[in-house]
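One structure is given here, and the rest of the page talks about it.
No value in this document is a laboratory result; all are computed from the given coordinates. Predicted, not measured: the structure shown is a model, and the values here were computed from it. Because the Cβ atoms are built from the backbone with ideal geometry, glycine has one as well, and the counts that use them run over all protein chains shown.
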Amino acid sequence: MSLFERILFVLAGLFIVLNWGLIMTGIIRKIIARVGMRRGIKVYQPYINLVKNFSIRSQLSHGVMFYLGPVFRLSGGVGIFLFMPMIYGSEYWTNFSFTGDLILISYFMFFGMLGMALGAGEGGHPYSAIGVSRGLAQFTAIELPLTLAILSIAIQYHTISLTEIVAAQQGGIRNWTLVTNPLATAAAMLSFLGAMGHSPFNVVMAPQENPIGPPTEYHGTFLGVLQTNRAILHVVEAVLYMNLFFGGATNWGTLILKTFLIYFWSVFVGMVFPRFRVDQSIPWLLKIPLAIGILAIIIFMI
Amino acid sequence: MSEKKDIPEDMFLAPENRKHTVTGPDGEVIHVDPLNDYFCQDLPKVEAPYKGVLEKFLNWARAESLWVLAYGTGCGSIELPPLFSPRFDAYRFGVMMRPTPRQSGVLIISGYLAVKTLKRAIRSYEQMQNPKYVIALGSCTINGGMYFDSYNTINRLDHYLPVDVYIAGCMPRPEAILAGFNKLKERIKSGNAEGANHYAENLEWYKANQKKIIKDWNMPTYNW
Amino acid sequence: MNEIIEHIKKRFPVYEIGEGPNGVILMSVEASRLVPMLTSLKTNHGYSILVILSTVDWLEDCKFQLTYIVNNPEEKRDLGIRVFIQREDAEMESIHTLWEHAATFQREIKEMFGINFPGSPGVDDQFLLEGWDNKPPMRRDFDTKKYAEETFFPRPGRETNDPAAYMKQKLYPDE
């Protein structure tokens, strides 16, 4: 396959992921509304919001970093996508995955946050600074158990290539990491709750409250880019967890079903539990998931 | 009390907004005029809408995605939270509360507006970005309502901000507010809701009215 | 209750003792004796809470009436003390030393009635009115309706009608 073809398929994959992300957001919000006995938004409301945000006529800037913040955030999400093998066994949908892609992807997960922190800091709004400091502190705590789980898997399968990890899990549910390495799965799925930004770990954005967090000053196209990124990011992070623990996907149908269920796990927990303060969430993440993660490594070291 | 004293120009400015000098670390003296240095002094421009089908499509999107600034001025603000409860559920109309004026497109003036609050409402309105709409709740915003002879409550909101939809009542029930949202949607879809451009065109008239009653004007002419 | 009133009567020149709504005992005292009296009530008789400090403008008598209502939480009893001061250059002794929150009441009264309380913290700061340059608005010689009509662009079509005259004109237009 020529490079041109590959790029074409990457763009097509990005298009599918973006649309699935937007629709998934709509479906999830619909489900949340039904839980609260409401009718809820239209399923295609995220599209309307996106169009509306891109159609804002006047926009302000606070400087260069203010422009670059959403761009960095978007490149974080797209970066994860670029090196993520989406469909196992397919020649077309493996994107640019290579032998060490797992390390690069876990780097990209933090990259977007840092870019956003710079941009939001230049916005100058105090709520942005509060949101950014909360977000970075909490995300560090989220990364630790996830990294331990990834290390555990790397030790287990003797590889840091996502394709090979997925390949090792083929052949039925008994070969999934979920079964062969339940401790790493538990640690990572607990940290996943934090990564998705739903309650109990949504103090960073604190939606519908005064401090909306980092994007306080972002509007119009900036916000549209952030929304685009969030749709992509939710799907690709779910795909990462799917590849690591739930046997990957061999076609788009499986991928959509599995990512929805994985994402729904964080929503499900969020519907049941109230919000942690940041001084509660970080100790919690550093206690239970971290302990499980260390256990997952020790078992394979022995 | 009643006689006017000689008022210095920066009398109403907050101390940190007055002109002052700062000495740098190597002894240089820097003159700071915060109103000019920290705030944008530009005036708003008329942003011409697109023409034809494209603008119709964008107006449809704007109408179906109304992001309301969560800001209450009077007694009407207590009628807004029920809108998002299961009984009324404004989300199904694409209405959503946003906590920051930058991201919101609709400003609801909910009830009587004291002069002190008007100043904040103007600041919030001006920080919103161009396609922006104002909904005025209650008779107080129409003609003063029961506060028509108050020394501190404005009578007609449309002299200070371009109002798109008035919702009569004292106070209007959430059903009436939902009807008002639908009215606003019709207005946006028909392309008549160009309040922001109207405000930019008639800025002098609006500013004269505003400055007539806000006597301690201690902010830039237009708060970006 | 009567003991306290008798006790106060002995020490302070109170007059016009009467009963207000909800069993509040109201009494008047000379302005100069107010602070010693409140101090005594607070320290000796358990009236430890200042409930409200309000003002009435007696325009015809050229006087302001200040009403201090204090509460005894143990006996669950209120006591109202009235003070009359001159309307011209009105000034009153501050009681923020007895109750800190009195400073807020006094700041509001200064703004709304123009009564000065020298020494009260922040008494000259703006409270509700920002940049007010007219007569204090709660004074009765301040015509709020005229001020509102001049300032706030009244919407036309808001004439009020005397109901009797209006109905008569509507039902019997010929008479």
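In the structure shown, the pairs B:K185/B:K212; C:K42/C:K76; B:K183/B:K212; B:K132/B:K189; A:K52/B:K56; B:K116/C:K146 are assessed against 23 Å; a Cα-Cα span above that value is assigned to B:K185/B:K212; B:K183/B:K212. Calculate the FRET efficiency for B:W217 and C:E149 from the Cβ-Cβ distance with a Förster distance of 30 Å, rounded to the nearest 0.05. Approximately 0.85, to the nearest 0.05.
When the square roots of the Cα gyration tensor eigenvalues are ordered a ≥ b ≥ c, the ratio a/c for region B:65-213 is 1.5 or more and a/b does not exceed b/c, which makes its shape oblate. With θ taken as phi - 60° and the Karplus curve 6.51 cos²θ - 1.76 cosθ + 1.60 applied, the whole-hertz 3J(HN,Hα) list for region C:94-100 is 7, 10, 5, 6, 7, 10, 5 Hz, x standing for glycine and proline. When each of C:K145, C:K76, B:K215 is scored by the number of other beta-carbon atoms lying within 10 Å, the sequence from fewest to most is C:K76, C:K145, B:K215.
If you take all other residues with their beta carbon under 14 Å from the beta carbon of C:Q65, and give Lys and Arg +1 and Asp and Glu -1, the sum is 0. The relative contact order of region A:224-302, computed from alpha carbon pairs under 8 Å that lie at least 6 residues apart in sequence, is 21 percent. Here the simple spin-label model places points 7 Å from the Cα toward Cβ, and for C:R140 and C:K10 these points are separated by 3.9 nm.
With θ taken as phi - 60° and the Karplus curve 6.51 cos²θ - 1.76 cosθ + 1.60 applied, the whole-hertz 3J(HN,Hα) list for region A:271-286 is 5, 8, 9, x, 6, 7, 6, 5, 7, 9, 5, 5, x, 5, 5, 7 Hz, x standing for glycine and proline.
Our coupling estimate for region A:297-302, obtained by passing each phi through the Karplus curve with A = 6.51, B = -1.76, C = 1.60 and θ = phi - 60°, is 6, 4, 4, 7, 6, 5 Hz, Gly and Pro reported as x.
Between the amide H of A:G40 and those of B:R92, distances stay under 5 Å, these residues lying 5 or more places away or on another chain, with hydrogens modeled in the peptide plane. Close amide H pairs (under 5 Å, H built 1.01 Å from N) link A:A249 with A:Y88, residues at least 5 positions away or on another chain. Would you mind counting up the charge near B:I188? Only other residues with Cβ under 13 Å from its Cβ, with Lys and Arg at +1 and Asp and Glu at -1. After counting each charged neighbour, the total is +3. Reducing region B:18-49 and region B:107-157 to their Cα centroids gives an inter-centroid distance of 29 Å. Amide H contacts under 5 Å for C:L26: C:G18, C:E19, C:G20, C:G80, restricted to partners 5 or more places along the chain or on a different chain, H placed in the peptide plane at 1.01 Å from N. Of the residues A:I302, C:I109, the one with the fewest other Cβ atoms within 10 Å heads the list, and the complete ranking is A:I302, C:I109.
Here the sum of -39500 (n - 2.57) over DSSP H runs of 4 or more residues, divided by the residues of chain A, equals -24000 deg cm²/dmol at 222 nm, to the nearest 500.
With the alpha-carbon atoms of the protein assembly as shown aligned to their principal axes, the span from lowest to highest coordinate is 100, 70, 69 Å, starting with the largest. For the pair C:D133 and A:L118, label points projected 7 Å from Cα toward Cβ lie 4.9 nm apart.
Value of Rg to Rh for region A:3-301, rounded to two decimals, is 0.96; Kirkwood radius and Rg both from alpha-carbon coordinates. Taking other C-beta atoms within 10 Å as the exposure proxy, B:C40, B:C75 rank B:C40, B:C75 from fewest upward. Our note on the geometry: Cα centres of region A:215-251 and region C:20-55, 67 Å apart. Across chain A, the relative contact order, built from alpha-carbon pairs under 8 Å that are at least six residues apart, equals 26 percent. Here the relative contact order of chain C, from alpha carbon pairs under 8 Å that lie six or more residues apart, stands at 14 percent.
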